[in-house]
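What follows is a single structure, written as structure tokens, with notes after it.
The values are calculated or read from the model by the stated rules, or taken from the named source; none is laboratory data. Please read these numbers as outputs of a predicted model, since none were measured by experiment. Cβ placement follows ideal geometry from the backbone for every residue including glycine, while neighbour counts extend to all protein chains displayed.
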Amino acid sequence: MTTPHALVQRPGPRRFRAALERRIRQLWFEPRGSVDALIGLVLRPLGSLVGAVSTYRREQIARDKLTPRASGEPAVVIVGNLLVGGTGKTPLLIALAKSLIARGWRVGVIARGHGSTDRGARKVPRQVPHDGTAGDFGDEPILVARETGLPVVVGRDRGAALRRLNEIEALDVVLSDDGLQHVGLRRDIELAVFDSRGAGNGRCLPAGPLREPLADALLLDAVVLSGTATPTPIAHSRVFRFQTLTSRVATLDDSRRWDIGEFAAQSRGLSLDALAGIGTPERFFDQLAALGIAARCWPLADHAPIDEAWLASLQGRWLIMTAKDAVRCVGFDASLRSRCVVVHIEAVPEAALIDWLEDRLRG
């Protein structure tokens with residue numbers, strides 16, 4: 001990848017994990033030379049085994065899906081990935097939730113709680129409180145709860161999380177942030193989200209980025225693509241698209257706000273640092289570079305906690321981050337939060353997706 005910024009590893013005990021994630025992404029999406037070819041060959045049998053097991057589970061899920069839900073139970077819509085790493089599913093889920101609310105639907109959300117450091121607590125489904133932290137509940141559930149104001153329940157057992165959510169509030173629709181491969185979760189509609197990376201080398205873990213064979217997507221209700229130019233990775237009969245736009249730029253303490261062009265102009269020539277602990281950090285850095293924002297870039301492991309002392313040690317006038325990273329920093333010192341600039345991304349799905357989804361829910 002050639003960009004005007006330099007990728008610098010963050011010092012500390014998580015440096016190895018972040019570097020390993022980048023190396024694996026290269027192997028899956030941009031293999032180079034005979035060494036990568038050899039690694040792919042060695043891992044291929046494991047990928048085939050994972051694919052066979054995943055297909056068996058997918059067939060079981062498809063059979064269970066045919067069973068009508070009980071009267072009074074909410075419909076369950078899964079917004080998930082066949083692909084490991086970020087594809088934009090969480091911003092899309094937030095956008096779908098807001099669209100359904102605007103049309104009069106009562107909506108709730110369930111999630112696993114990736115990023116939570118309290119592994120024991122994840123075994124028991126818990127509702128995300130207004131003052132919840134990413135360390136307790138995971139970064140994405142906190143982000144969804146704050147962006148939508150909806151009831152959000154996290155739990156490793158998504159079926160139990162769904163039951164807990166049903167006890168809290170009477171709902172029409174429950175959106176699940178991922179969970180396509182979760183056998184114990186009853187579902188009515190399944191959406192698979194893909195971005196411009198497509199299916200990578202088309203192999204299953206660990207030989208490739210797929211959690212299950214790409215052909216399994218044909219058993220899902222629809223494929224949703226991020227971006228207007230993203231090619232369809234499989235010839236599905238129902239394909240929709242959404243765009244991601246920068247909705248606003250603001251300091252973490254909300255003391256200053258800009259539109260993205262204004263921030264790019266005002267920060268030109270300043271010392272800047274950018275960090276991203278998302279599935280594909282380089283994508284965020286490339287977006288900044290395309291806007292003319294030149295920063296020292298710190299790729300972190302996905303969902304990685306952010307050390308306050310390390311962040312404060314960075315020399316940039318502004319410390320630029322994603323909204324997902326920002327929820328891990330809300331409890332930091334006020335002077336540090338005033339230096340953190342959060343780039344908020346909004347997903348804009350095409351109207352046909354919302355219309356189709358509503359028709360299916362009424363179905």
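Residues of the stretch 86-117 that are of a type in the set (Gly, Ala, Ser), modelled with pLDDT of 95 or more and either within 28 Å of residue 47 (Cα to Cα) or not in a loop (DSSP other than H, G, I, E, B) (or both): 95, 97, 99, 102, 108, 111. Screening residue 271 against (1) among the hydroxyl-bearing types (Ser, Thr, Tyr); (2) in contact with a Gly (Cβ under 9 Å, 6 or more places away or on another chain); (3) within 21 Å of residue 146 (Cα to Cα) leaves a single unmet condition, (3).
Note on the stretch 178-222: residues that are under 16 Å from the mean Cα position of the chain (by Cα) and β-branched (Val, Ile, Thr) amount to 1. Per the listing 294, 265, 304, the residue uniquely modelled with pLDDT of 95 or more, part of a loop (DSSP other than H, G, I, E, B) and over 21 Å from residue 97 (Cα atoms) is 294. Considering only residues in the stretch 309-363 that are more than 24 Å from the chain's Cα centre (by Cα), free of Cβ contacts under 8 Å to residues at least 24 places away in the same chain and assigned to a helix (DSSP H, G or I), the one that is farthest from residue 270 (Cα to Cα) turns out to be 362. Within the stretch 284-306, the set of residues being closer than 11 Å to residue 264 by Cα and of a type in the set (Val, Ile, Thr) comprises 293 only. Restricting 144, 223, 183 to residues that are part of a loop (DSSP other than H, G, I, E, B) and closer than 30 Å to residue 68 by Cβ narrows the list to 183. Pick from the stretch 60-85 the residues that are part of a helix (DSSP H, G or I) and touching a residue at least 12 places away in the same chain (Cβ under 8 Å): which of them is surrounded by the most Cβ atoms within 10 Å (Cβ to Cβ)? Within the stretch 60-85, the match that is surrounded by the most Cβ atoms within 10 Å (Cβ to Cβ) is 61.
When the stretch 281-301 is filtered for residues that are under 23 Å from the mean Cα position of the chain (by Cα) and crowded, with 21+ Cβ neighbours inside 10 Å, the ones remaining, listed by number, are 281, 284, 285, 288, 297, 298, 299, 300.
Close contacts from the stretch 27-56, counting a first residue that is more than 21 Å from residue 183 (Cβ to Cβ) and a second that is outside any helix (DSSP H, G or I) and of a type in the set (Lys, Arg), with Cβ to Cβ under 6 Å and a gap of 6+ residues or different chains, come to 29/197. Of all residues being among the β-branched types (Val, Ile, Thr) and surrounded by fewer than 17 Cβ atoms within 10 Å (Cβ to Cβ) in the stretch 310-363, which is modelled with the lowest pLDDT? Just the residue, please. If we take residues in the stretch 310-363 being among the β-branched types (Val, Ile, Thr) and surrounded by fewer than 17 Cβ atoms within 10 Å (Cβ to Cβ), then 330 is modelled with the lowest pLDDT. Taking the criterion of being of a type in the set (Lys, Arg), surrounded by fewer than 13 Cβ atoms within 10 Å (Cβ to Cβ) and either part of a helix (DSSP H, G or I) or modelled with pLDDT under 95 (or both), would at least one residue in the stretch 22-40 satisfy it? Yes; the residues of the stretch 22-40 include at least one that is of a type in the set (Lys, Arg), surrounded by fewer than 13 Cβ atoms within 10 Å (Cβ to Cβ) and either part of a helix (DSSP H, G or I) or modelled with pLDDT under 95 (or both).
For the stretch 109-129, the count of residues that are more than 30 Å from residue 213 (Cβ to Cβ), surrounded by fewer than 23 Cβ atoms within 10 Å (Cβ to Cβ) and in contact (Cβ under 8 Å) with a residue 60 or more places away in the chain is nonzero. The condition of being surrounded by 19 or more Cβ atoms within 10 Å (Cβ to Cβ), farther than 25 Å from residue 281 by Cβ and in contact (Cβ under 8 Å) with a residue 24 or more places away in the chain holds for only one of 210, 185, 180, that being 185. For the stretch 238-287, the set of residues classified as of a type in the set (Phe, Trp, Tyr) and more than 30 Å from residue 16 (Cα to Cα) consists of 240, 242, 258, 263, listed by residue number.
Pairs are defined by a Cβ separation below 9 Å, a sequence spacing of at least 6 or placement on different chains, a first member in the stretch 236-251 that is in the same structural domain as residue 193 (by TED's automatic domain parsing) and outside any strand (DSSP E or B), and a second member that is surrounded by 15 or more Cβ atoms within 10 Å (Cβ to Cβ) and acidic (Asp, Glu); the pairs so defined are 238/221. Restricting attention to the stretch 307-363, which residues are among the small types (Gly, Ala, Ser) and in contact with a Ser or Thr (Cβ under 8 Å, 6 or more places away or on another chain)? Residues satisfying the conditions are 316, 331, 338, 347. Comparison of 296, 328, 317 shows that the only residue that is more than 18 Å from residue 15 (Cβ to Cβ) and not assigned by TED's automatic domain parsing to the domain that holds residue 90 is 317.
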